[in-house]
Amino acid sequence: MFGRRKKNDSAHDGGATEQVVDGVAEQDDAGEQESAAPRRVNLPPAPRPDGPWDVSEVLGNPADGRVDLGGILVPGVEGMELRVEVAGDAIVAATVVLGDSAVQLQAFAAPKKEGIWGEVREEIAAGITQQGGIIDEAQGSLGWELRAQVPVPLPDGQTGAQLVRFVGVDGPRWFLRGVISGQGAVRPESAGVLEQIFRDTVVVRGDGPMAPRDPIVLKLPNDAQMVPDGVQTDDQEGSRFGGGMGQLDRGPEITEVR
């Protein structure tokens, strides 16, 4: 079940960027009191001493050791596969698959002085609960996150549940969301490498005007080896992580990037 929590802007809280203020009792003409609904106050993005990073914060060449997707630079890890997610003609997300786990990375534009992860978390939770799923808001190693049981159709026509973790961090004029699935969601303590990939990701928002929540469009590396959707390589056949990612559709793949 999803519940609102009071939070303050502190690094200890993992980058909390919103504060829920209790409603104040008001008295109407009939002398009855009504409590106003809690309202959310967005705070400036909290410090990110451990990342993710804005491109302006990286010393040296930010592409060193990372896959350059334009809007985000994704750390390369031994044995990982990198899949891109396409919306229309635009690449809007990248998914790193490592063993039995995966993390989808997606960057969005955000207001200059306000974080949006609190509002986004609330909207994700509302959408999943409307589908019949279960949501728990928890403090994780990346800050506040949502741990969800998302309804998914099974081959026999029944409905099952997929465990997914939604993580997010607000940066300067951007927001980075991660969706961890597979064993990294079933056993969060096993997701250390995926969480480090999220932390080491660099966001390149650009200086142009963008509406808040617009996705930061990505591009393919010049030397990318593309594999059409549904085609397996020898390396993929050896991976126990299947394609059953529910709402996280598989897209074209860049294989053996490290």
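What follows draws every value from the coordinates through simple rules; no lab data is involved. These numbers come from a predicted model, not from an experiment.
So who's got an amide H within less than 5 Å of the one on G171, skipping anything under 5 residues away but keeping other chains? H placed 1.01 Å off N, in plane.
Close amide H contacts, sequence-distant or interchain: L176.
Could you derive backbone 3J(HN,Hα) for region 172-184 from the dihedral phi with the Karplus parameters 6.51, -1.76 and 1.60 (θ = phi - 60°), listing whole Hz in sequence and x where the residue is Gly or Pro?
Using θ = phi - 60°, the values come out as x, 6, 8, 9, 10, 10, x, 10, 9, 9, x, 5, x Hz.
Whole-Hz ³J(HN,Hα) for each residue in region 70-87, computed from phi via Karplus 6.51 cos²θ - 1.76 cosθ + 1.60 with θ = phi - 60°, x for glycine and proline: what do you get?
Working through the residues one at a time gives x, x, 9, 10, 9, x, x, 10, 3, x, 7, 10, 10, 10, 9, 10, 10, 10 Hz.
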